[in-house]
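The values are calculated or read from the model by the stated rules, or taken from the named source; none is laboratory data. No experiment lies behind these values; they were computed from the predicted model shown. Don't worry about glycine lacking a Cβ; one is built from the backbone with ideal geometry, like all the others, and counts go over all protein chains shown. For the accessible areas, the whole protein counts, side chains as well, though only heavy atoms, and no ligand, DNA or RNA atoms are used. Shrake-Rupley method; radii C 1.70, N 1.55, O 1.52, S 1.80 Å.
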Amino acid sequence: MNWLNERIAAAWRAEGRRYADNVNAFVRRSMAGEQTDESEIAEDQRKQWAKAVWEMVKKANEAGEISRLREELPAATWPMAEAFDKQMQPIRAIGYLHDGSIVFSSGSMADQGRVYTANRQGELRGTAYTFAGCSADQLVWALASADGIHVVSRPDGALEGERLATYRWGDIQDLIHEILPNTESFADCEFPERTLELLVPLEDGKALLLQSYYGIYLIEPNKVELLHPDLEDIEEYELEDTRLDMGHAAVSRDGTWIAYGSQASEHMLLNRRQGQKYMFYPESSYPHYAVFSGDNRNVWFNSCHFYNGVTIRIPLEEVEGNEKREDWPIVDEHARMYAAVEVKEGIVVGDAYGYLRCIDQAGQEQWRYYVGGTIFSLATSPDRSELLVGTYSGMLHVLDLASPVMDEYSIGTGTLRERERFVLLRGENPVRW
């Protein structure tokens, strides 16, 4: 164990406990209604050891001593931010394979993305794909690369499985050109796979929801429908392209409903079975995110203003004839929602400040947990006992939702505990921590 500097490790642990205790006490007092001031919290001093700790993390990985690493140097994000800010990148938590392996990816439009899998032993494997998405039950996967999108059923750790469908970029782009002959769109992208923001296979690959920086599309083998921006808006406002700011989309678990929107729209909702579209006015300034409850009964729409926001809950059985209604239940009045996913207690919302908050259908907070970096993505295991959290800080957190107690280095009000973490910084090999 010649990778460990015991003096720095002891100081790192002591400061981590001190900082977590201070922040947790501050949060408890704030939630109890006391007047508090963040200046009361002494600054986290661990950043002075960030580079030395990172070297130890890498050497511990080379030695295969991950358990000892987590014991001696509990993982932390915020102390690393200043030293490694330029190397951080968004990590997309995607889901779980049928053997329990996790799937996630790194990169953004500025970088060539890469999809990874990691098994229960933490063995990390890079794949040939640059982007991936899965069905609500996580059994059907859409895998994107330079040649197109392959839809497979129950893939293994190499993401190989029964091939259900293949969508070639050229075919998709030709179909889009037919409906958008004079507007710059996804059809004109030289590297379309680098513009993807969401892929959801529907009906065992017979359809795909594709969200790109250049629009939101519903794709079938011989047909493409542009959902957003709307064709009528493109014509009426003479839009030169289909680029979206703060584009977002979600599919209900049964595949009936698609919720979507962007900064320039209202909250949009499509009933695929009936072909009926609905629009709802945002409670805050700009539509930013949408998520469905797992029972297919409600959709939550978030709208933001700067780094705050408001989330409303719309029962799907009440949408008909109520598009002008302005008193939908408010389930959250704080977060600009960056990601959300349902767990047993409610819906977990990830915000710009690095907090996860679990909110039930009545809008009551069940717990909160601080991961330390702006939330980019969330996914749960099929039994909802684990939560994957990808952040803009280049980290993927694997959280145990069934843990009876939170560890002494964590900040939050729940009992969840981080089981492991993967760190993917630009220019560095991926490591576990």
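Any residue that is acidic (Asp, Glu), surrounded by fewer than 19 Cβ atoms within 10 Å (Cβ to Cβ) and touching a Lys or Arg at 6+ places or on another chain (Cβ under 6 Å) - is there at least one of those in segment 391-407? The answer is yes; a qualifying residue exists. Among the criteria (1) open to solvent by less than 40 Å² (accessible area, probe 1.4 Å); (2) in contact with a helix residue (DSSP H, G or I) (Cβ under 7 Å, 6 or more places away or on another chain), the one LEU196 does not fulfil is (2).
Taken together, the residues in segment 249-264 that are closer than 16 Å to LEU226 by Cα and either among the acidic types (Asp, Glu) or open to solvent by less than 20 Å² (accessible area, probe 1.4 Å) (or both) amount to 7.
Under the condition of being under 28 Å from the mean Cα position of the chain (by Cα) and open to solvent by less than 40 Å² (accessible area, probe 1.4 Å), the residues counted in segment 39-56 number 5. Checked against the criteria, ASP332 does not count as free of Cβ contacts under 8 Å to residues at least 40 places away in the same chain, over 21 Å from VAL224 (Cα atoms) and open to solvent by 50 Å² or more (accessible area, probe 1.4 Å).
Does any residue of segment 14-35 turn out to be closer than 30 Å to LEU124 by Cα and touching a Lys or Arg at 6+ places or on another chain (Cβ under 9 Å)? Looking through segment 14-35, at least one residue is closer than 30 Å to LEU124 by Cα and touching a Lys or Arg at 6+ places or on another chain (Cβ under 9 Å).
Candidates in segment 282-298 are the residues that are open to solvent by less than 40 Å² (accessible area, probe 1.4 Å) and among the small types (Gly, Ala, Ser); of these, the one that is farthest from SER135 (Cα to Cα) is SER284. Remark: LEU401 falls outside the filter, which requires a residue to be of a type in the set (A, V, I, L, M, F, W, C) and within 16 Å of MET80 (Cβ to Cβ).
Of all residues in segment 268-327, those that are over 19 Å from LEU378 (Cα atoms) and among the small types (Gly, Ala, Ser) total 4.
Which one is farthest from GLU238 (Cα to Cα) among residues in segment 165-190 that are open to solvent by less than 40 Å² (accessible area, probe 1.4 Å) and of a type in the set (Ser, Thr, Tyr)? Of everything passing the filter in segment 165-190, TYR167 is farthest from GLU238 (Cα to Cα).
Looking only at segment 57-77, decide whether some residue is closer than 27 Å to THR130 by Cα and touching a Ser or Thr at 6+ places or on another chain (Cβ under 8 Å). Within segment 57-77, one or more residues are closer than 27 Å to THR130 by Cα and touching a Ser or Thr at 6+ places or on another chain (Cβ under 8 Å). For segment 341-361, a residue qualifies if it is on the phi < 0 side of the Ramachandran plot and part of a loop (DSSP other than H, G, I, E, B), and the qualifying residues are VAL343, LYS344, GLU345, ASP351, ALA352, TYR353, ASP360, GLN361.
When you check GLU62 against the structure, is it at pLDDT 95 or above, charged (D, E, K, R) and over 30 Å from ALA144 (Cβ atoms), yes or no? In short, yes.
Would you confirm whether any residue within segment 88-100 is closer than 27 Å to ARG194 by Cβ, at pLDDT 95 or above, open to solvent by 80 Å² or more (accessible area, probe 1.4 Å) and within 27 Å of the chain's Cα centre (by Cα)?
No, segment 88-100 has no match at all.
Annotation: of all residues in segment 308-339 being out of contact with any Gly (no Cβ under 7 Å at 6 or more places or on another chain) and among the small types (Gly, Ala, Ser), the one that is farthest from SER285 (Cα to Cα) is GLY321. Residues in segment 75-98 that are without any contact (Cβ under 8 Å) to a residue 60 or more places away in the chain and small (Gly, Ala, Ser): ALA83 only. Would you confirm, using the coordinates I've provided, whether MET279 is touching a Gly at 6+ places or on another chain (Cβ under 7 Å), part of a strand (DSSP E or B) and either loosely packed, with under 14 Cβ neighbours inside 10 Å or in contact (Cβ under 8 Å) with a residue 40 or more places away in the chain (or both)? Here the answer is no, as MET279 does not meet what is asked.
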